[in-house]
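The values are calculated or read from the model by the stated rules, or taken from the named source; none is laboratory data. Here the structure is a predicted model, which is why all the values come from computation and not from measurement. Neighbour counts are summed over all protein chains in view; Cβ atoms, including those assigned to glycine, are modelled from backbone coordinates with ideal geometry. Accessible surface areas use protein heavy atoms only, side chains included; no ligands, DNA or RNA. Shrake-Rupley method; radii C 1.70, N 1.55, O 1.52, S 1.80 Å.
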Amino acid sequence: MNRTPVADILTGLLPEVKSCSAGGEQYDPSNCLAVYYRHDDNGHSLQLPAVMAGEAAATRGGQGCTLIEGIPQKPPTGCIIVGLWDDLQAVAPHLLEGLSKPENEQGYIARLDRYALIVGNTRNGVVFGAQTFIQLIAASPKRRVEAMTISDAPECERRSVVFDARGVSIHTENLMQIAGLLSSFKGNRLHLLLGIETVTSGGKGLTASDAEQLHEVCLEYGVTLTPWLDLAGAIVDGKILPNGAADAVFAFSDVFDSNSIGVAPFAIPHMNELGLDGIRAFLKDIVINKGTELDLYMHSELVNSVFPEQAKNKYSGIVSCVTQGPNAYNSIKATNEKGFRTAVFAKSLSNGFIPPLSENLFRDFDMGISLAKAESAIEFGYWADNLRRGHIWENDLPAAVTCMSLGWGGPMSAAATNRRLTQLAYSESAPAVTAARESIIATFPEPLRAEEGKGLVNLAFGFEGDIKDWRAIRKVDWSSVEQSLYETDQLIRNCRNQIQRNAETLDHIDLAPSTLKFLMNMVNCLSHAREHYAAARHGRAGSLTFARASIEQPAATIPIFIAKIKSINDLNGTCQDELNQIRNFSQKISAMLETISMLDSSESLPTAEKLGFPPL
């Protein structure tokens, strides 16, 4: 019987596991009739990881299993045992024979043999072990999974996502889903960035009850919910408002039952507005009230400007925040030299309207995060602007998971991350999705694939950009794009025929070529319109009519493009800015049509720029 090498199965896991040894009987989930777990003496419940593992086995094995509280001395074939190391050592030490205790608090062991064993030092370790078990079941090409013993633990203490919710409505259901997604890839911190108005006035859609519920869900997933508070709205005339902004910070952390909190200003202008003395006074109040029990996240520039070197003994709870960029290494080094801990947050380089940028998407990650790794940062996180309205775009996932992988075990290439994510999400249909993505990237003309191509794509949403952007987009060779777009449409249709789930992701895939079609049509039509208008100004008969007809074409396609964007499932406002830009663009086109309709070729025609044409 042909057997799948263990190494081939491991290539489907995210993040990569630290060590794995093969050997033993194949694990058959169809024999799983029971999942055993128990509450330990400290009251830690392992029911959630037990349910997660049992559901994965039932899905692959084709039959349900029963949750049983207790640890069997003679495990039945196919069962799953979920437990804490010290607890199992006390009640069933023979189950741990031949195994070594996991390395650290988040470490775990997952052994698949005649039965499955998932054991961790802490509850969070068990949760991460269950996530690996789920991925192993999904990554195995056959029902039976090759026997193996995985010993795994993170290198970095914290792996996180920053959710920027300043000034927008907060949907706790989305946050709960993000917490589950984080846990799936062994992330363990969700930072919720709110404005001061959210704390002092009840906020937009976030109540104390919501916060408590979200906190409980995060705990179940092994994720620490860390509230961040932007104090920019509390600064008037260089002073923090006297209505208890510091008190609000303490109440804020109490609502979330958190010993970690982020305090902005995160930006240099806000720092200058408040003044260093004011910041020092405010932070002194925080440290005096909470002391070393509180992890205080702040921008590294703030840490390095406000705190003297000797402050490391007094302010031992400080964690600095750094984003990648040319000055990242110096900022990290300066923070560490003062004795403060460093957390690094990478930002997205892409959005939902352009295709995944392959290795280019991760270019700046290497510049900032890998340097931070060398400088022993305690946290790697992902800060995506696209999360602002509560929605994760497809292009954000590889970047966010890359941060999780960096923090857990080390860097992984963008190609490997994309491949593993696709395999986990689509299983047997992964090749069709991969083919569609690759076709989309190949269809985009070369200038639009580069990072600076984002500015060119923005031209699709109006005459945004400068003269060089417009000249660059006009130089694109569109002759081969139309056929490529036709072939890409066929591949996307093939995806839709194969896949019944994850329709929203397919909508996002479809959006990139739709944007390209709109951009190509808009550039060609407006270029032709301008040429005809120039001819009309030189007296050529009929040219003004042709110019008007050329402008009417993009005017007709705008409603179609708007309908496509609005059709994406559960956008939750993610595309609202782009929709507003397109509507503004539509108004410009309508104004041009109205003006040009009133012109006569015998008149002295105004310049193309005055009429509203983009520059040559």
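Counting only protein heavy atoms and a probe of 1.4 Å, the accessible surface of the stretch 42-132 is 47% carbon and sulfur. Each of K588, K338 has its accessible area taken with a 1.4 Å probe; listed largest first, they run K588, K338. What the stretch 85-170 shows is 33 Å² of accessible area per residue, with the surface traced by a 1.4 Å probe over protein heavy atoms.
Comparing S151, N174, S140 along the charge dipole axis of the stretch 101-190, the residue lying farthest to the positive side is S140, per the Cβ-charge model. List the pairs from K101/K186; K566/K610; K101/K333 whose alpha-carbon separation is above 25 Å, in the order I gave them. Pairs exceeding the cut-off: K566/K610; K101/K333. Counted residue by residue at 0.36 nm each, then reduced by the alpha carbon distance between them, the extension gain from K333 to T59 reaches 93.8 nm.
Taking all protein chains together, R159, R548, R583 sort by accessible area into R583, R548, R159, largest first [probe 1.4 Å]. Surface listing: Y27, Y115 arranged by accessible area from highest to lowest gives Y115, Y27, probe 1.4 Å. Using heavy atoms of the protein chains and a probe of 1.4 Å, the accessible area assigned to C525 is about 10 Å².
Look at the dipole of the stretch 68-114 built from charges on Cβ: of P76, Q106, H94, the Cα furthest out on the positive end belongs to P76. Extension gain for D8 to T77 (0.36 nm times residue separation, less C-alpha to C-alpha distance): 22.4 nm. Taking label positions 7 Å along the Cα-Cβ direction at both Q553 and E155, the computed distance is 5.4 nm, reported to one decimal.
On the beta carbon distance between S597 and A90, with R0 = 56 Å, the FRET formula returns roughly 0.05.
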